[in-house]
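Laboratory data are not the source of any read-out in this text; all were calculated from the coordinates shown. The shown structure was predicted, so the numbers you read here are calculated from the model rather than taken from an experiment. Methodologically, a virtual Cβ is constructed for each residue, glycine included, from the backbone with ideal geometry; neighbour enumeration extends over all protein chains shown.
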Amino acid sequence: MAWTAPTTRTTGELITAAIWNTDIVDNLAALKAPPSEHYELNEASNYTTNSASFVDVDAGTGANTKLRRDITIGGSEVLVSFSGHVAAAGSAPNLAYFDIDVDGARNGGDDGYNTCVANGGPIAFTRLITGLTPGAHIFKLQWKVRAAGVTGTLYAGAGTGSYDLHPQFWVREVS
Amino acid sequence: MQNVLVAKAVKEPVGLQRAMAAALGEKSIGVSTGPYGMVAHLADAADAGELALAETVLNGHNTLMVSTNKATITADGVDVATVTCADGAIAADGAVNYMVWRNGTLYAEGSDNVVGGTVTLTLTSVVTGTFVIEVRRQGSDYASGYVTVEAA
């Protein structure tokens, strides 16, 4: 159920069932279940990269393919969140960086949102993305490493000893 | 950036990174792997031949059958692991290249003759570590294989 901007009423105006249902019932339903997509990784293999330029963490194609989430919004603001565990091995300083690609453009820019070092650790962020237009939007998790001599690994529930960890990626319209 | 994707399960992604860099030099931006398979990231300047070469490397990665008679050896310089590559792809080759990586660092490299379609290497060590033995075809028909031996 999409959000409909409610009309300001005046004293004496008849609130019909249609008006009530549009302004109250449908909008409450829209607030209860806003456009939202999420994915928890439980994969056959982990993700790796040694690209020093930002690339999609998951190179799969098609709508809502793992770390690509597609939603159609009625407003302009979306929360995007990721949590996972990342290692960055190789020549020091061994760094891995993360960003979100929105409709083909990186949101963070430069070196992205955040980074992890050395043997890594938890990577978790929540970002409010504003200025979107109503309609369909694509959100993709992207990453890179400092240099080609560094290998970033995102553990993806692939059964790795002591690191059988399950990241989550979600997007939700908030306004 | 141009991407070449091959939907095939990946083993030894770091070996694939090395192979791609060796084959394409500065045209290779990197390699990513995951449940989707593997993708080579190439510079915009890479031409059709280089894109095809990247696909050849992806398809040839970890296709040689390499085995060891011991998954673990004692790090005493005496205990020996015998590593064998007996694969139809190298039957007509004169020799193959090999590299030995210890804990991700190059430990030894060289080439060895193919005898009767088989290459046999031996590994001893006086230091502990995880040794990855990589066998790679010489020439343009890239193919590689890997096996891991622990020295404890």
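Here are some notes:
- For the residue pairs A:Lys144/B:Lys11; A:Lys66/A:Lys144; A:Lys66/B:Lys11; A:Lys144/B:Lys27; A:Lys140/B:Lys11, the C-alpha atoms sit more than 23 angstrom apart in A:Lys140/B:Lys11.
- Between segment B:53-79 and segment A:124-151, the alpha-carbon centres lie 36 Å apart.
- Shielding of B:34-45 by partner chains, average beta-carbon count, 10 Å: 5
- Rounded tilt (10° steps) of B:48-60 against the dominant C-alpha axis of chain B: 30 degrees
- Highest average first, the peptides A:60-73, B:69-82 ordered by how many other beta carbon atoms sit within 10 Å of their residues are A:60-73, B:69-82.
- Options A:Thr153, A:Phe54, A:Ser81, ranked by Cα towards positive dipole end of chain A, top entry (Cβ charges): A:Thr153
- Here the alpha carbons of segment A:1-155 define both size measures, Rg and Dmax, at 20.5, 74 Å.
- Once divided by 2.2 N^0.38 Å, the Cα radius of gyration of segment B:1-106 becomes 1.26.
- Helical content of the protein assembly as shown, expressed as a calculated mean residue ellipticity at 222 nm, amounts to -3000 deg cm²/dmol (DSSP H runs of 4 or more residues, -39,500 (n - 2.57) each, divided by residue number, nearest 500).
- Principal-axis tilt of helix B:13-24 within chain B, Cα atoms, nearest 10 degrees: 60 degrees
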